[in-house]
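As structure tokens, the structure follows; a few thoughts come after it.
The values are calculated or read from the model by the stated rules, or taken from the named source; none is laboratory data. Just so we're clear, the structure is a prediction, and the values are computed from it rather than from any experiment. Counting neighbours? That spans all protein chains shown, and the Cβs are built from the backbone with ideal geometry, glycine included. Side chains are part of the model used for accessible areas, which takes the heavy atoms of the whole protein and leaves out ligands, DNA and RNA. Shrake-Rupley method; radii C 1.70, N 1.55, O 1.52, S 1.80 Å.
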Amino acid sequence: MAARGADARDRRTGHAERARHHTQRALRFLPNNDKVVAQSGLRQVDGIVGDDLDLAVLQRSRRMDRTLQKLQAEKYATSPIAEPLGLLQAAGVQHIGVKSATFEVYGDWDQETLASAAAYAERALAFWNDATEGVEGYPLRGEPQRRLVFLRQKATWASVVQKHGGKDAQFTIENASATTLGDAHVATAEDVELVRDLSVRWVTQDCSGLRTDAMREGIGHAVVAMFFGKNLVFSVGKEEPGGTFAGNRERAKLQLPDLDTWRELAVEMAWQRAGVPAARLPLLKAAQFPNDARIKAWSFCDYLLRADPRLLLRLNATMSKSRNEADVIAAFQQTAGRSLLELEERWRRFWTEDSPLKKAVVGKTTPLEATSRDASAWLEQLNRGREQLGGKAVGWSSQASVACKEHVEYLKANKDQRGPGKEDTQLAGKPAFTAAGRSFAGKALVWTRDKDPKKALEQWLVLPGYRDVLLNRNLDTVGIYADAGVVVVDGDRGVAGDQRMTVTWPAADREGGRTSALVGAAVDAELFGPGLAKLLAQQKSKQKQIGVPVSLHFFGGGASDVRCKVTSNGKDVPGVLSAGDGTSRRTSAPGMWVFYPLGPWPRSDVQVQWEWNGGSHTVTFAPQ
């Protein structure tokens with residue numbers, strides 16, 4: 001409490017740094033205290049508190065980690081290539097080839113090794129596409145090189161380069177062990193680990209669009225290290241003995257491929273404030289590439305990939321209009337709209353502070369994941385859904401997650417309690433039953449159908465009460481627990497805002513009152529549980545399917561005298577308007593009204609006219 005009081009005094013007197021110090025102390029000792037987080041002016045994700053850039057680093061890091069885990073487990077089919085590769089045939093090299101969905105891999109290795117290379121190339125492509133999904137500038141217009149060639153001996157590789165390398169062939173042979181010939185990457189690779197390293201590295205570098213030597217090297221190191229925990233390839237020249245950075249001991253360390261050693265060097269560089277500045281990276285050429293630049297290129301490209309991949313492209317682009325570091329700083333400010341020096345300071349702070357953020361990124365576990373290993377992916381998808389609907393991301397509340405965990409344990413102990421109506425309550429006498437759990441379950445979002453959060457969220461938008469959580473602008477945190485294919489979310493207790501607003505779904509967002517939202521023409525009525533079954537029975541309807549219901553949501557207050565007129569081709573669409581009875585979150589939420597059509601939607605445009613005390617909204621959609 002004393003820390004919070006001191007924080008307030010320091011803010012009033014303008015001592016920003018001292019205020020930040022007290023805030024960090026309060027967050028250190030009370031990281032899950034909602035008042036401390038609110039007073040800090042920061043946000044919270046997965047139990048980690050930070051500003052927007054900190055949390056972007058965390059969220060993207062955890063997303064990339066989960067993608068890697070998934071991709072490493074996937075199998076990729078390959079088949080032999082009957083025709084020889086002209087590049088190798090002309091040089092008299094005996095070889096075989098395999099192909100995957102995207103890549104062709106050739107060489108004098110065995111078929112199993114080449115198939116492994118193709119699989120890792122596919123994984124690298126899928127990883128990059130997922131890591132940059134929705135990022136401006138990606139995917140690039142061009143394709144990555146689809147032909148990869150691996151040769152066991154340097155002499156064999158040299159014969160191919162001599163044949164096809166043109167006037168620069170001898171220079172390449174003397175100074176490299178890998179090059180690009182025509183439409184193929186070609187390398188000497190003495191062992192399987194090197195084959196896999198290059199498969200990931202080449203695809204990453206091609207997809208990144210980075211063309212400056214140091215940044216191309218850096219992004220290759222960054223993604224290869226994520227895949228394998230080490231780097232085996234230096235694709236640009238090494239520094240000759242001499243120089244000042246960290247001395248001979250550190251130069252020897254740099255030759256070690258393991259990531260822990262590289263992290264140690266990055267920390268030393270950040271503490272010393274020595275070595276190559278970020279503004280020099282776009283200007284460096286392969287022939288003059290000091291050791292400290294190698295560590296800086298890796299760690300800074302890694303940081304920007306985690307923070308915002310657009311920044312990689314912006315920094316790379318400064319080369320065309322820069323002669324020196326000052327030019328790079330000015331060009332980056334102009335194109336990226338932010339300070340490169342400030343980003344470098346954030347990079348430095350990330351590496352030198354023993355912060356929960358760094359521990360979560362390096363250790364690959366957040367407080368949320370330590371509590372519930374699967375929950376983080378569900379929270380991320382929930383926030384994607386909220387942001388797509390115009391809302392803000394919500395944080396995680398450990399307190400609100402206690403009841404979620406208890407209900408998950410109940411459902412795990414009672415596998416016969418599955419499906420709408422059963423999983424939305426608890427039965428007395430069943431293992432793990434509690435009276436509080438029975439009351440909580442009806443208000444919670446409960447899901448046992450899909451283990452894939454993305455597929456589940458598509459269904460959550462169908463259910464009006466679950467949809468309400470995605471739309472609520474006043475929601476600040478949620479409770480969440482997931483295990484063994486069961487996920488439970490508390491979307492009620494984390495309401496912190498008091499904005500009074502009215503939201504319709506779908507809402508008109510185009511000229512003429514049309515919407516871009518996809519409204520399903522038909523969905524199984526049983527998905528909505530007993531609440532809808534009761535409404536249909538009252539209407540003497542025996543429909544097994546209905547159209548996806550439309551809804552009106554009042555947040556921060558309610559409204560009376562709600563009316564809803566639904567027509568298609570000038571005729572009324574039969575349906576029932578309901579405010580919900582509060583028994584199940586699938587069909588109920590505070591301040592929500594729902595129109596359920598008494599059957600599938602017509603196959604022509606549907607117009608919905610909402611009216612309530614103080615407002616109205618009209619929207620037209622074409623059922624899908």
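Side notes on the structure shown:
- Within the chain, longest stretch clear of exposed GluC sites (Glu not before Pro) (DSSP loop, no more than 15 other Cβ within 10 Å): 191-352
- Label sites at residue 611 and residue 459, each approximated as a point 7 angstrom past Cα along Cα to Cβ, lie 3.8 nm apart.
- Cut-off 11 Å between beta-carbons: net charge of the residues surrounding residue 434, Lys and Arg +1, Asp and Glu -1: 0
- Taken along the Cα-to-beta-carbon direction at a fixed 7 Å, the label points for residue 190 and residue 334 span 4.8 nm.
- Between residue 572 and residue 392, the modelled labels are 4.3 nm apart [label points 7 Å from Cα along Cα→Cβ].
- Using only alpha-carbon positions in the stretch 65-198, the gyration tensor eigenvalues give semi-axes of 27, 18, 13 Å once each is multiplied by 5 and square-rooted (largest first).
- Accessible surface of the chain [probe 1.4 Å, protein heavy atoms]: carbon and sulfur percent: 49 percent
- Reachable lysines, given that their alpha-carbon falls under 22 Å from the alpha-carbon of residue 542 and they are not under 8 places away in the same chain: 422, 534, 571
- Residues residue 320 and residue 94, FRET efficiency given R0 of 51 Å [Cβ-Cβ distance, rounded to 0.05]: 0.70
- Seen against the Cα atoms of the chain and their longest principal axis, helix 325-336 is set at about 30 degrees.
- For the stretch 171-185, 3J(HN,Hα) computed residue by residue from phi via the Karplus equation (6.51, -1.76, 1.60; θ = phi - 60°) reads 4, 4, 4, 6, 10, 8, 10, 8, 7, 10, 10, x, 9, 9, 7 Hz, glycine and proline entered as x.
- Integer Hz, Karplus 6.51/-1.76/1.60 couplings in order for the stretch 539-554, x for Gly and Pro: 8, 6, 9, 10, 5, 8, 10, 9, x, 4, x, 9, 9, 10, 10, 10
- With one equal scatterer per alpha carbon and no solvent term, the Debye-computed log10 I(q)/I(0) for the stretch 128-202 at 0.11, 0.20 1/Å reads -0.36, -0.86.
- Note on the stretch 330-399: with charges restricted to the Cβ of Lys and Arg (+1) and Asp and Glu (-1), its dipole about the Cα centre is near 60 debye.
- FRET efficiency estimate (nearest 0.05) - Cβ-Cβ, residue 140 to residue 342, R0 45 angstrom: 0.95
- Scalar couplings 3J(HN,Hα) for the stretch 618-624, obtained by applying the Karplus form with A = 6.51, B = -1.76, C = 1.60 to θ = phi - 60°, are 10, 9, 10, 9, 10, x, 9 Hz; x denotes Gly and Pro.
- On a per residue basis, the chain carries 45 Å² of accessible surface, using protein heavy atoms and a 1.4 Å probe.
- Pairs from 430/455; 412/443; 392/454 whose Cα-Cα separation, in the structure shown, is over 22 Å: 430/455
- Ignoring aspartates and glutamates fewer than eight residues from residue 565 along the same chain, the ones with Cα atoms less than 18 angstrom from its Cα are 605, 611.
- Relative contact order computed over the chain (Cα-Cα under 8 Å; 6+ residues apart), in percent: 9 percent
- Cβ-placed point charges (K, R +1; D, E -1), dipole of the chain about Cα centre in debye, nearest 20: 1200 debye
- DSSP-loop trypsin sites (Lys or Arg not before Pro) across the stretch 125-209, with at most 14 other Cβ within 10 angstrom: 141
- Stretchable slack from residue 618 to residue 176, in nm (0.36 nm times residue separation minus alpha-carbon distance): 152.5 nm
- Comparing 205, 337, 429 along the charge dipole axis of the chain, the residue lying farthest to the positive side is 429, per the Cβ-charge model.
- The charge dipole of the stretch 490-624, taken about its Cα centre with unit charges on the Cβ atoms of Lys, Arg (+1), Asp and Glu (-1) only, comes to about 380 debye.
- Against the chain, whose longest principal axis is taken from its Cα atoms, helix 111-131 shows a tilt of about 50°.
- Selection of trypsin sites (Lys or Arg not before Pro), the stretch 566-596, meeting DSSP coil and at most 16 other Cβ within 10 Å: none
- Once the chain from residue 108 to residue 53 is taken as fully extended at 0.36 nm per residue, the excess over their C-alpha distance is 15.1 nm.
- Once the Cβ-Cβ distance of residue 260 and residue 349 is raised to the sixth power relative to R0 = 30 Å, the FRET efficiency obtained is 0.90.
- Size descriptors for the chain (Cα atoms only): Rg and Dmax, in that order, 28.9, 88 Å.
- Percent of Cα pairs exceeding the 19 Å cut-off, where the set is the stretch 396-506: 44 percent
- Seen against the Cα atoms of the chain and their longest principal axis, helix 213-228 is set at about 60 degrees.
- Residues of type lysines that residue 296 reaches as a straight line, Cα spacing below 25 Å, ignoring anything fewer than 8 places off in the same chain: 230, 238, 253, 285, 321, 358, 359, 364
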